[in-house]
Structure formats: C-alpha cells, structure tokens
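The values are calculated or read from the model by the stated rules, or taken from the named source; none is laboratory data. Fair warning: this is a prediction, and the values are worked out from it, not measured in the lab. With ideal geometry, Cβ positions are generated from the backbone for all residues, glycine too; neighbour counts draw on all protein chains shown. To get the accessible areas, we keep the full protein, side chains included, count just its heavy atoms, and leave off ligands, DNA and RNA. Shrake-Rupley method; radii C 1.70, N 1.55, O 1.52, S 1.80 Å.
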Amino acid sequence: MIVTITEDRQSLGEQAAKLGAEHIRATLKEKDFCNVAFVSGQSQIRTLNSLSKEPDIDWKRVNVFLLDEFIGLEKGHAASSATFIKAYFLHMIGEVASFHEIDPDPKNVKATVKALNETMKTHPLDVAFICIGENGHLAFNDPPADFDTKDAYITIELEKRSRRQQANEGWFKSVNEVPERAITMSIYEILSAKHIVISCPDQRKAKAVAMSLFDDITPLSPCSAIRKAADVALFLDRQSSCLIFGDGRSLK
C-alpha cells in the first residue's frame, strides 16, 4: 500500500484521479475494455471532477460499475449511487461502454443480485475508486462484515452509524429516512480489483483511516482488509491523516 498525504481535499482529488487515470489508460493499452467501479459520496466529488478532465481516456471502452445502492430508494433520489455518478461524473465524460445501475426495487432484489453476480464473472475489476466509511466500512460492508462470501454483490443490513453518516452528509433530512437495507459489492470483490484508489478526506474519517492501517484484519474492522489487496493507493488530507502519526504499531 502507498499512502499519500496531501495539503487539502482538492489536491487529494487531483492526485487520486491522476493515478486512477494512469491505471485506466494502461489497461486500455492491454485490453479492449476496462472495468471500473465507483463509490458515491461527498469524499469522491473532487476525485471524480478531476478524473473527468484527465486526457486521452477512451471512455467508450470503459464499463462502469457501482459499489452499492440503497434498497427501496426511489430512482432519481439524490442519495442514489446511480444518481450521484451520473451527476458528478458520467454527464461530464459522455458515452461509456456500459453503465451497470443497481435496481433499488425491493421486489427485484434477488434477481438484481443474481444478474450482477453473473455479469461480474466476465467483467473482472481493473480499477476500483473507493472510500472508507466513518465506521470503517468498505462500500456498505458495515462491521461485522462478511469476509467469507465469494459473491460479487450481496445484500446487507445497514448499521446505525452508517445510516447516520448518510444523514449527516445531507443526503437525507434525518437518519430515519435512510433505508435500512442495501445491495453492496462484497469485500472479496473489491479486493479482487487490480488497482484500488482510495480518496478519503476530512477529519471525520480520521479514526477509520487509523483502523484501516493499524487494526487487526477482522470483520469488525472491514477497512483493515485493504491491506490484503494487491495494489492499493490511499490518499489522505491533513485532517483525515491526523491520527496516524506517532502510532507505535508498524505496518506489515
């Protein structure tokens, strides 16, 4: 893992986007298509904006996947991952090879998950742009996370802290409005990506950042699992990195 500490959120987004773009361009030199997963949220806005401006990427050869989606959320809701990625990224880059939305309809959950899992069998991830949740989750894999499943997508029950984060970020008026269930890409599938780019700014993420670097790798600390991935770049700003200095534990 390479950890980069930047001066501010803007620099973080620009550097994360630059590295991610390099991975996408390199993949497209080797293959006809590149499979890229994105997470939504306030932490990703500057990274996505910077990535949309990166030159020499043939987006028409990029398959776009989402890391998660709330179950029961009406289509077009501001908190929807699909709505977010469309608004903050897709509309700025034009046509892509494919965009795999996650159907939030509760009646279609089983069919939706089955279809996504079938799709991922033939679309191994090349690049994943992710973040770390305030409670240490990856995507919506809240603690205790399922470290055993090999399914690409699973359904989960959202932890109260995870739902509170969504309300605090302004996507919902209160925590009571946040759906209690979601479809999420699994820890296994996220870690399978050839390259993982993590954009994680803000002091509210500082504790989770320390968890990811120093906790034992267990389901109670989902973010710690990033240390098992083949290629990870963690981008922090001064605020999100404030708790990792002087920690006596060493990375292995």
Set LYS86/LYS121; LYS60/LYS114; LYS29/LYS53; LYS75/LYS228; LYS18/LYS160 screened for pairs whose C-alpha atoms are more than 29 Å apart: LYS75/LYS228; LYS18/LYS160
FRET efficiency, CYS242 to ILE217 (Cβ-Cβ, R0 22 Å, nearest 0.05): 0.45
Rounded if a/c under 1.5, otherwise prolate or oblate - the range 21-127, Cα gyration tensor axes: oblate
Long-range HN-HN contacts of ASP237 with modeled amide H, under 5 Å: THR6, ASP202
Overall form of the range 97-252 per C-alpha gyration tensor (a/c, 1.5; a/b vs b/c): oblate
DSSP bridge pairs, the chain: antiparallel proportion in percent, nearest 5: 25
Net length gained if the chain between THR149 and GLN10 were fully extended (0.36 nm per residue, minus Cα distance): 46.4 nm
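Hey, can you rank 92-98, 210-216, 175-181 by average C-beta count inside 10 Å, highest first?
Numbers: 92-98: 13.3, 210-216: 18.9, 175-181: 15.0.
With the highest mean Cβ count within 10 Å placed first, the list reads 210-216, 175-181, 92-98.
In the range 186-230, what is the volume of the convex hull around the alpha carbon atoms, normalised per residue and reported in Å³?
Output value, Cα hull per residue: 75 Å³.
Determine the per residue accessible area of the chain with all protein chains present and a 1.4 angstrom probe, expressed in square angstrom. Present the calculation step by step, with values, prior to reporting the outcome.
Values: 11340 Å² over 252 residues.
Dividing the accessible area of the chain by its residue count gives 45 Å².
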Residue-wise HN-Hα coupling along the range 104-118, computed from phi with Karplus coefficients 6.51, -1.76, 1.60 (Hz; x: Gly, Pro): x, 5, x, 6, 10, 4, 4, 5, 5, 5, 4, 5, 5, 5, 5
Spacing of the two label points (7 Å from each Cα toward its C-beta) at LYS29 and LYS173, in nm: 5.3
Whole-Hz couplings from phi, Karplus 6.51/-1.76/1.60, listed for the range 92-103; x for Gly and Pro: 8, 10, x, 6, 10, 4, 6, 10, 9, 5, 10, 5
